[in-house]
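Chemist: Below you'll find the structure I mean.
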Amino acid sequence: MTYKIDWDVPNIKHQLRRMYSECTSPYNTGWNSWPIKQDLYEIKFLLDDLINNAGNFAGEEEWLNQKEQEKIIQILKR
């Protein structure tokens, strides 16, 4: 059985970055930014639950280690 991928990861990332941009904009007040940050938290909580309950897969640990190394390299480049 196959499934149809009807989501778009680049678009999801784009939307999250837009939320971050609005949340951190110096032109917005806390009145405007706090609800956006709350939305980001809601997404984070949902993702944490989904990821924790999705099980573990072959190659997952290596992939996560690679992503962590990439993140460290980006931090060191700054």
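Chemist: Please work out which one of (1) surrounded by 12 or more Cβ atoms within 10 Å (Cβ to Cβ); (2) within 16 Å of the chain's Cα centre (by Cα); (3) not in a helix (DSSP H, G or I) is the condition I36 fails and give its number.
Modeler: Every listed condition holds for I36 apart from (3).
Chemist: Restricting attention to region 33-55, which residues are at pLDDT 95 or above and not hydrophobic (A, V, I, L, M, F, W, C)?
Modeler: Residues satisfying the conditions are S33, P35, K37, Q38, D39, Y41, E42, K44, D48, D49, N52, N53.
Chemist: State which residue pairs qualify: first residue without any contact (Cβ under 8 Å) to a residue 12 or more places away in the chain and on the phi < 0 side of the Ramachandran plot and inside region 8-37, second residue assigned to a helix (DSSP H, G or I) and charged (D, E, K, R) in any location, beta carbons under 9 Å apart, and separation of 6 or more residues or different chains.
Modeler: Cβ pairs passing all conditions: N28/E22; N32/E22; S33/E22.
Chemist: Among the residues that make up region 10-25, is at least one of them among the hydrophobic types (A, V, I, L, M, F, W, C), loosely packed, with under 10 Cβ neighbours inside 10 Å, part of a helix (DSSP H, G or I) and at pLDDT 95 or above?
Modeler: no
Chemist: Would you point out the residue of region 47-66, among those that are surrounded by fewer than 10 Cβ atoms within 10 Å (Cβ to Cβ) and closer than 20 Å to K13 by Cβ, that is farthest from the chain's Cα centre (by Cα)?
Modeler: Filtering region 47-66 for residues that are surrounded by fewer than 10 Cβ atoms within 10 Å (Cβ to Cβ) and closer than 20 Å to K13 by Cβ, the one farthest from the chain's Cα centre (by Cα) comes out as A54.
Chemist: So is Q69 among the polar types (S, T, N, Q), assigned to a helix (DSSP H, G or I) and surrounded by 10 or more Cβ atoms within 10 Å (Cβ to Cβ) or not?
Modeler: Here the answer is yes, as Q69 does meet what is asked.
Results for (1) closer than 16 Å to L16 by Cβ; (2) acidic (D, E), shown as yes or no for each residue.
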{"site": "D39", "(1), (2)": "yes, yes"}
{"site": "F45", "(1), (2)": "yes, no"}
{"site": "N56", "(1), (2)": "no, no"}
{"site": "E60", "(1), (2)": "no, yes"}
{"site": "W63", "(1), (2)": "no, no"}
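The values are calculated or read from the model by the stated rules, or taken from the named source; none is laboratory data. Given the structure is predicted, the values throughout are model-derived calculations rather than measurements. When we count neighbours, we look across all protein chains shown, and the Cβ atoms used for this are built from the backbone with ideal geometry, even at glycine.
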